[in-house]
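The values are calculated or read from the model by the stated rules, or taken from the named source; none is laboratory data. Please read all numbers here as calculations on a predicted model, not as lab measurements. With ideal geometry, Cβ positions are generated from the backbone for all residues, glycine too; neighbour counts draw on all protein chains shown.
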Amino acid sequence: MKETVELSQREQLRARVLMLLAEGVCTPTEAAELLGLSLRQVRRLRRGFVERGPAALAHGNRGRPPAHTLPEMLRTEVVRLAATVYRGYNHTHLHELLAEEHGLRLSRRSLARILTAAGHHSPRKRRPRRYRTRRERMPQAGMLLQVDGSQHDWLEGRGPRLVLLGAVDDATGDVPYAVFREHEDAHGYLLLPA
């Protein structure tokens with residue numbers, strides 16, 4: 001009895017291209033280009049395809065549980081504690097308590113995934129962001145000038161570090177006044193024309 005192999009779409013495409021390669025319809029270089037692989041990878045796939053058929057294209061770990069899967073005993077213990085002893089605790093607090101009190105070390109995200117799958121959602125949600133409206137710009141140029149200083153190496157190491165004091169018109173975004181100073185101080189702001 002022949003073994004049944006399930007292939008993904010990508011693996012099926014690889015099988016078709018390798019069959020074309022075996023029939024001599026395309027060259028290994030063309031096959032590599034079609035599959036988006038290196039010539040070396042195409043040769044490796046071709047060798048496996050010839051030896052074992054389409055099963056060589058399926059991933060070797062298919063059907064096996066991942067190596068880093070948490071043990072089922074740990075999962076059931078976490079769900080039991082969350083449902084009884086720590087009922088009503090949010091996931092972050094529960095994560096800290098499980099590590100401190102019970103020595104159960106797992107990531108907060110894994111804990112949340114386990115509890116959510118078991119139907120235990122975190123009781124506390126984050127607060128929604130407060131909506132803040134932006135202030136409308138002034139309707140006419142010159143009504144409001146906003147001033148600020150910017151410390152930067154304006155001379156790119158060819159001189160001292162300077163502060164650029166500037167005024168920005170709120171209505172238009174233009175910069176009508178700016179002056180370089182050694183320090184950001186009130187005297188510099190008073191030098192900006194009114």
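The residue pairs whose first member lies in region 165-194 and is within 16 Å of Ser150 (Cβ to Cβ), whose second member is assigned to a loop (DSSP other than H, G, I, E, B) and among the aliphatic types (A, V, I, L, M), and whose beta carbons are closer than 6 Å, counting only pairs six or more residues apart or on different chains, are Gly166/Val175; Ala167/Leu192; Val168/Val175; Tyr177/Leu192. If the condition is being under 40 Å from the mean Cα position of the chain (by Cα) and in a loop (DSSP other than H, G, I, E, B), then region 161-183 contributes Arg161, Asp170, Ala171, Thr172, Gly173, Asp174, Val175. Filtering Leu162, Leu94, Leu74, Leu111 for residues that are over 30 Å from Arg10 (Cα atoms) and in contact with a strand residue (DSSP E or B) (Cβ under 6 Å, 6 or more places away or on another chain) leaves a single hit, Leu162.
Please pick out the residue among Arg105, Arg127, Arg52 that is modelled with pLDDT under 90 and in the same structural domain as Ala15 (by TED's automatic domain parsing). On inspection, the qualifying residue turns out to be Arg52.
Within the option set Pro123, Pro128, being touching a residue at least 12 places away in the same chain (Cβ under 8 Å) and assigned to a loop (DSSP other than H, G, I, E, B) holds for one residue only, Pro123. The residues of region 24-40 that are outside any helix (DSSP H, G or I) and on the phi < 0 side of the Ramachandran plot, listed by number, are Val25, Cys26, Thr27, Leu37, Ser38.
Whether a residue is surrounded by fewer than 10 Cβ atoms within 10 Å (Cβ to Cβ), closer than 23 Å to His121 by Cβ, not assigned by TED's automatic domain parsing to the domain that holds Arg16 and not aromatic (Phe, Trp, Tyr) was assessed, and Thr76 does not pass this test. Among the residues of this structure, Leu21 counts as one that is part of a helix (DSSP H, G or I), over 35 Å from the mean Cα position of the chain (by Cα) and surrounded by 15 or more Cβ atoms within 10 Å (Cβ to Cβ). In region 131-148, what residues are touching a residue at least 12 places away in the same chain (Cβ under 8 Å) and either hydroxyl-bearing (Ser, Thr, Tyr) or not in a loop (DSSP other than H, G, I, E, B) (or both)? Residues satisfying the conditions are Leu145, Gln146, Val147, Asp148.
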